[in-house]
Amino acid sequence: MSMPVPDRASVLDQQRQTWDSVSEGWQVWRETFERGGAAVTRALLDLSAPRPGERVLDVGSGCGEPALSAAHAVGADGRVLGIDISPAMTEIARRRAADLPQARFEVGDLVDLDLPEHSFDVVLSRWALMFLPERAAALRALHAVLVPGGRLAAAVWGPAGEAPVVGLPFRAIMPRVQGPTPPPPPPPDAPGPYAMADPERCHAELTAAGFVDVRVERVRAPFWVESPEVFTAYTRALLPEQVTAMLREWLGSADDPGLWADVAALAEEYRAADGTVQLPSTVLLLSGVAGK
């Protein structure tokens, strides 16, 4: 038996709270994350090939990528719109785009913003599609905003066990906050970090939304940090408020030393000969063309 899927408004409200709560941490640790993230951005731009003067929509821009990179690709005559559910992250993206007048960032999602049909040449998304509520309808909406022949390129996480940069800390956290009886798993179509980890399902969902020439490629993004201690600090800074609240409930404090010692010990398993913690993580690169 699985948990019911929350309604769309509840999902969006929870996500807004989650990303707002970690926005400051993302700003501090952005360069560390981009060691792996930048490689994925380059792959998305290679797949979608935005050209000077084109119009690009970035869904789930967060602190600004890949929208900012796309703004350089389309040049002064192009246009990039980045949308995100988090006001705090959107404000960071706006500040980073101060010298790129062709890039604009708005708070909201596809439904809130009611974007016109056939108004973009390219749709990009980096680690956001799997969080969309009512994903089938959202993918159809992405198809609708593209001109016929427009290009989609998106990245989603692979399976939990293959994405340690995201999942590793939760091997220590979840046993502590679930209690003696873990809750039932979410349904397979519920929004979450691994909701699109199945390549065959991704292909089927994009095809059902109207995309043609659909491709799904597995790649490894080269994430790394300097040491287990750095990974622990990184994790603590990016831990959503909902998780820290559960830690306070179950452990009395989100600073429980035993928990963070366990996270550091898990990171130690990934330490390389040079002392760094290497966390290459599986990413699925999705691409397709808007059919007529």
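The values are calculated or read from the model by the stated rules, or taken from the named source; none is laboratory data. None of these values were measured; they are calculated from a predicted model. Here the Cβ positions follow ideal geometry from the backbone for every residue, glycine too, while neighbour counts run over all protein chains shown. The accessibility values were calculated without ligands, DNA or RNA, using every heavy atom of the protein model including side chains. Shrake-Rupley method; radii C 1.70, N 1.55, O 1.52, S 1.80 Å.
Being open to solvent by 30 Å² or more (accessible area, probe 1.4 Å) and without any contact (Cβ under 8 Å) to a residue 24 or more places away in the chain is a description that applies to Glu31. Checked across region 229-236, the condition of being part of a loop (DSSP other than H, G, I, E, B), in contact with a helix residue (DSSP H, G or I) (Cβ under 9 Å, 6 or more places away or on another chain) and surrounded by fewer than 18 Cβ atoms within 10 Å (Cβ to Cβ) holds for no residue. Would you point out the residue of region 245-255, among those that are without any contact (Cβ under 8 Å) to a residue 60 or more places away in the chain and of a type in the set (A, V, I, L, M), that is surrounded by the most Cβ atoms within 10 Å (Cβ to Cβ)? Taking the candidates together, the pick is Ala254. For region 202-217, filtered to residues that are in a helix (DSSP H, G or I) and under 11 Å from Ala136 (Cβ atoms), the residue that is least open to solvent (accessible area, probe 1.4 Å) is Leu206. Only residues that are at pLDDT 95 or above, under 16 Å from the mean Cα position of the chain (by Cα) and open to solvent by less than 20 Å² (accessible area, probe 1.4 Å) were counted in region 107-127, giving 3.
Could you go through region 39-57 and let me know if any residue there is within 17 Å of Leu129 (Cα to Cα), at pLDDT 95 or above and not in a helix (DSSP H, G or I). Yes - at least one qualifying residue is present in region 39-57.
The set of residues in region 128-165 being of a type outside the set (Gly, Ala, Ser), in contact with a strand residue (DSSP E or B) (Cβ under 6 Å, 6 or more places away or on another chain) and within 24 Å of Asp189 (Cβ to Cβ) consists of Leu129, Met130, Leu142, His143, Val145, Leu146, Leu152, Val156, Glu162.
If only residues of region 256-292 that are under 30 Å from Ala144 (Cα atoms) and of a type in the set (A, V, I, L, M) are counted, the one that is surrounded by the fewest Cβ atoms within 10 Å (Cβ to Cβ) is Val289.
Residues that are in contact with a strand residue (DSSP E or B) (Cβ under 6 Å, 6 or more places away or on another chain), closer than 20 Å to Trp157 by Cα and small (Gly, Ala, Ser) do occur in region 67-75, at least one of them.
Against the numbered list (1) touching a Gly at 6+ places or on another chain (Cβ under 7 Å); (2) under 28 Å from Pro164 (Cα atoms); (3) of a type in the set (S, T, N, Q), Gln102 comes up short only at (2). Of the listed requirements (1) of a type in the set (D, E, K, R); (2) at pLDDT 90 or above; (3) over 30 Å from Val230 (Cβ atoms), Glu134 misses just one: (2). For Leu239, all conditions in the list (1) exposed (fewer than 15 other Cβ atoms within 10 Å of the Cβ); (2) modelled with pLDDT under 95; (3) assigned to a loop (DSSP other than H, G, I, E, B) hold save one; what is the number of the exception? That leaves (1) as the condition not met.
Within region 160-170, is there a residue that is free of Cβ contacts under 8 Å to residues at least 40 places away in the same chain and of a type in the set (Phe, Trp, Tyr)? Looking through region 160-170, at least one residue is free of Cβ contacts under 8 Å to residues at least 40 places away in the same chain and of a type in the set (Phe, Trp, Tyr). The set of residues in region 83-101 being in contact with a Cys (Cβ under 6 Å, 6 or more places away or on another chain) and without any contact (Cβ under 8 Å) to a residue 60 or more places away in the chain consists of Ala93 alone. In region 51-106, which residue that is open to solvent by 40 Å² or more (accessible area, probe 1.4 Å), closer than 22 Å to Phe33 by Cβ and not acidic (Asp, Glu) is nearest to the chain's Cα centre (by Cα)? Per the criteria, the residue is Pro87.
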